[in-house]
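**Q** Have a look at this one before I ask anything.
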Amino acid sequence: CHCALGQLVPAPPASEMASAVTSALACVALTVLATSQSLLVEAAKARGGGKIPYDTSAAVLLTEALKLGIALCTWLWQRKSLNYTGLESFQLVSWPTAAYAVPATFFIVQNNLVFLALSLLDPPTFQLWACFKIIPVGVLARLMLGQRRSSVQWVSLLLLSLGMGVTTTKQDSGAGTKAAASVALGISVLLGSGS
């Protein structure tokens, strides 16, 4: 028990606390990973004379290998407590296993397009336009699925749209024709890749 405004309140169960801590750590890790990519690529471009000084396909491969390693470690750590480990019906050569190649191919293309966009855009513009998908998803979820949005959510979508417009206008007015074309191409790549 702990005290809240002079009253004893039962402490939450340990499993709830562990779950909350795990969720908070996952949230922090995802935030750091999502924002660090564009900053690290920009730092590499600064050292490489304005160009990415490494093979981006190798970077995509190493990133996916790292994610596989993290997933395997997590699975091995949790395996004993899982009701279903995923190995019960797994076959290395089967149609259900081969079906994973389709989205994997799309992810390979998308990740390579992300590096192309990163090479063309500065980090703030990249991060802002990478969030673009929120706008059509929010609008289409309302129109096609009938999901309701609060006024705060609609204002957030509007502010995100305005932020994108202001950032792009600011860059276009301060840049030459070649730089503006590079920004436009980078934004087009982001929009086309669904990033």
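**Q** Just to be sure before I move on: is Val152 of a type outside the set (Asp, Glu) and out of contact with any helix residue (DSSP H, G or I) (no Cβ under 9 Å at 6 or more places or on another chain) in the structure I sent? It would help to see each step written out before you state the result.
**A** Working: of a type outside the set (Asp, Glu): yes; out of contact with any helix residue (DSSP H, G or I) (no Cβ under 9 Å at 6 or more places or on another chain): yes.
The answer is yes for Val152.
**Q** Sticking with this structure for a sec: Can you find a residue in segment 82-95 that is out of contact with any Gly (no Cβ under 6 Å at 6 or more places or on another chain), at pLDDT 80 or above and either closer than 30 Å to Ser188 by Cβ or assigned to a helix (DSSP H, G or I) (or both)?
**A** no
**Q** Further question on the same structure: Is it the case that Thr125 is over 25 Å from Thr31 (Cα atoms), at pLDDT below 85 and open to solvent by less than 80 Å² (accessible area, probe 1.4 Å)?
**A** Values: over 25 Å from Thr31 (Cα atoms): no; at pLDDT below 85: yes; open to solvent by less than 80 Å² (accessible area, probe 1.4 Å): yes.
When the stated conditions are applied, Thr125 does not pass them.
**Q** Which of (1) exposed (fewer than 11 other Cβ atoms within 10 Å of the Cβ); (2) small (Gly, Ala, Ser); (3) in a helix (DSSP H, G or I) is the odd one out, the single condition Ala117 does not satisfy?
**A** Unmet for Ala117, out of (1) exposed (fewer than 11 other Cβ atoms within 10 Å of the Cβ); (2) small (Gly, Ala, Ser); (3) in a helix (DSSP H, G or I): (1).
**Q** Sticking with this one: Could you tell me how many of the residues in segment 39-51 are modelled with pLDDT under 85 and either under 11 Å from Leu118 (Cα atoms) or in a helix (DSSP H, G or I) (or both)?
**A** Total meeting the criteria: 1.
**Q** Being open to solvent by 70 Å² or more (accessible area, probe 1.4 Å) and of a type in the set (Asp, Glu), is that true of even one residue in segment 44-57?
**A** Yes, segment 44-57 has at least one match.
The values are calculated or read from the model by the stated rules, or taken from the named source; none is laboratory data. These figures come from a predicted structure and were not determined experimentally. Cβ: placed from backbone, ideal geometry, glycine included. Neighbour counts: every protein chain shown. The accessibility values were calculated without ligands, DNA or RNA, using every heavy atom of the protein model including side chains. Shrake-Rupley method; radii C 1.70, N 1.55, O 1.52, S 1.80 Å.
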